[in-house]
Structure formats: C-alpha cells, structure tokens
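Worksheet for the structure shown next.
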Amino acid sequence: MRVQELWRYPVKSLQGERVDAADVGPEGLTGDRQWALFDRSTGLGLTARRVPDLLFAAARLRDDGGVDVVLPDGTVTADDAVLSGWLGRPVTLRAAGAERGPRLYEVPAVDDEDDEGDWEAFEGARGAFHDSSGIRVSLVSTGTLGAWDRRRFRSNVLLAGDGEDGLVGTTVRLGTAVLDVVGPVSRCVMVTRPQPGGIGRDTSVLRTIHRERDGDLAIGALVPVPGRVAVGDALTPA
C-alpha cells in the first residue's frame, strides 16, 4: 500500500487540509487537532457528534503557526466573538496545552445513529485534541472504503490498496516515520453527518459498519519514531 492522500485537521471536527507531505511526531501530523472549540457556558469541547454545523467550516494553518477558520459564508476568522455568532453560543477557540483540567466532550449514551436519547461526557486526550491518547495517526485504505466517501471518516492517511486491518499489532514504516499500529478505530454517529460537497446525512453508514465490521473502520497508530511522510510513500514492515 502507498499513501494516496494526507490530511490534517487543525481544529477538531472542522474540515481540514489536504497536504503533499507532513512531519509526524508523538502527537500525530504536525498541526493536526491542535485547536478545538469549547462552549464557555458548559466548559465542554464541541464535536460534530453533538454540533453537526462544525463540519461546514474549515480550518487552515497560517504561516505564523496560528490557525484560521473559514466559515460557510467565506468569512475567515479566529475571533471568538465571530465564532460565537456563527454557532449561536459563547465559544472560545483554544490551542492544545492552553487549558488546564479535564477535557470533556459529549457522546451518545447509547449507539444511536438517529440522534435520539441521552448524551454523556467523556474525557479526551492530553496534548493534541484527539479523542484518545491511544491513537495519534489514523489510516484507511481505498479498498476498505469502497464506495464510501473518504471524507466521512477523517483519516490522516488514505492508502491506495487494501489490507490495513491485518496490520493491527505490528510496527510499520511510512516515509521516515515508524508507526505502532495499536488497534482499529471505532466509529460513532459522526460518520453519518452531512458535509459540504454533497455528502448527505446517511444513517446506513454506521449501521453497515456495525453489521459488517463490528463497529470499526480504519486503524490507529502511535509514533515511536518521528519522521516525514509524503504522498507516494510505501507502507512497509519496520
């Protein structure tokens, strides 16, 4: 398998950036999930599980190391007041490491692709705003996705070919980086959400993943040896 696409998502749950190459370190691709939006009234981090509108904005890194958010109407901003007006709630854009205390987000209390029922809080990772500190880079193949649009799954690495599920428990080399493939990526209601570019709400996606793949799609990895990955790099045993 070879790298067909590379993606980083500077702000959690917003659209990301496709890149030709990226440095990869202990927290994943440089710039990936380095910011998140938090509701100032509840203290909870926002994700598209709970706030689907997030997927209609995009984030991009600036040359100075900061981030810009591009709103659906084309407005480019990093201003909390503007972001709060867009979402209709008081929010703040936080950088990883800028806050103290637990990072809490919401997830459905039961697996419910129809968005009904109660929600409960879970604690996310330290450092970059990943859901879990046990996965810092996600990879999926074109063979696994089939006809599904890869944008639903927000993986960092899209591999041309198939067979990534068999890599769980192994160590691989990708570019000059070494990855420990620690497990599959479990899926939630977020994969059913509508997105720009004609991706509609589709609850059958999650039902199919549960029925045919035990709720998992893509693999997750940690990065014991940092390096650089580029489109076209082969994934090989380390």
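Values in this text are rule-based calculations from the coordinates and carry no lab data. Just so it is clear, the structure is predicted and the values come from calculations on it, not from any experiment. Positions of Cβ are generated from backbone atoms using ideal geometry, with glycine treated the same way; all protein chains shown enter the neighbour counts.
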Query - Cα gyration tensor shape of the range 119-205, rounded if a/c is under 1.5, else prolate or oblate by comparing a/b with b/c - result: oblate
**Report entry** Value of Rg/Rh across the range 2-237 [Cα atoms, Kirkwood radius]
**Finding:** 0.94
Query raised in the report: Magnitude of the Cβ-charge dipole of the chain, K/R +1 and D/E -1, about the Cα centre, nearest 20 debye?
Result: 420 debye
Report summary line: Rounded to the nearest 10, the angle in degrees between the Cα long axis of helix 204-213 and the longest principal axis of the Cα atoms of the chain comes to 40 degrees
Report summary line: Taking the range 171-238, the whole-percent share of alpha-carbon pairs separated by over 13 angstrom is 70 percent
Query - Net charge, I199 excluded, C-beta distance under 13 Å - Lys, Arg +1, Asp, Glu -1 - result: +4
Query raised in the report: How high is the relative contact order of the range 2-237, in percent, with contacts defined as C-alpha pairs under 8 Å that are six or more residues apart?
Result: 25 percent
Query - Antiparallel content of DSSP bridges confined to the range 2-237, in %, to 5 - result: 90 percent
Report summary line: Within the set D165, D63, D32, GNM on the chain using Cα springs under 10 Å gives the largest fluctuation to D63
Report task. Just add up the charged neighbours of R150: K/R +1, D/E -1, any other residue whose Cβ is under 12 Å from the Cβ of R150. Result -> +2
Report task. Calculate for the chain the 222 nm mean residue ellipticity that helices alone would give, adding -39,500 (n - 2.57) per DSSP H run of length 4 or more and normalising by residue count, nearest 500 deg cm²/dmol. Result -> -2500 deg cm²/dmol
